[in-house]
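Asks: Following this message is one structure expressed as structure tokens.
What follows draws every value from the coordinates through simple rules; no lab data is involved. Everything numeric here is computed off the predicted structure, so don't read it as measured data. When we count neighbours, we look across all protein chains shown, and the Cβ atoms used for this are built from the backbone with ideal geometry, even at glycine.
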Amino acid sequence: MSYVALDALAYFALVTIVIWLHDKVGLWTSFTIRYLIYPVLAGLHFTGFWINGHECSHGALSKSGTVNNIIGMIRHSALLAPYYA
């Protein structure tokens, strides 16, 4: 269960850092961070979100099927991916 919270916390920390750096660095550095580095790092986090949701569909995250379904549905809905497919 802690993986769900850690993934979300890490992603929001990434967003916060990118927003904070926007005004602190030069134009080309900001462009590089926003359009080259951030999408790669965000994609890694979103892959982690998808993996957590997929593991929920196998019942591997929690012993409770209801908890697995709720967390899996939230994770997949955030990614616009079907959970019950």
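Asks: Provide Asp7, Asp23 in ascending order of the number of other Cβ atoms located within 10 Å of each residue's Cβ, fewest first.
Replies: Asp23, Asp7
Asks: What Kirkwood Rh does the chain have if only Cα atoms enter the pairwise 1/r average? Answer in Å.
Replies: 14.0 Å
Asks: Just add up the charged neighbours of Ile71: K/R +1, D/E -1, any other residue whose Cβ is under 12 Å from the Cβ of Ile71.
Replies: Charge balance near Ile71 sits at -1.
Asks: Pick from His22, His45, His54: which residue has the top mean-square fluctuation in a GNM of the chain where Cα pairs under 10 Å get a spring?
Replies: It is His22.
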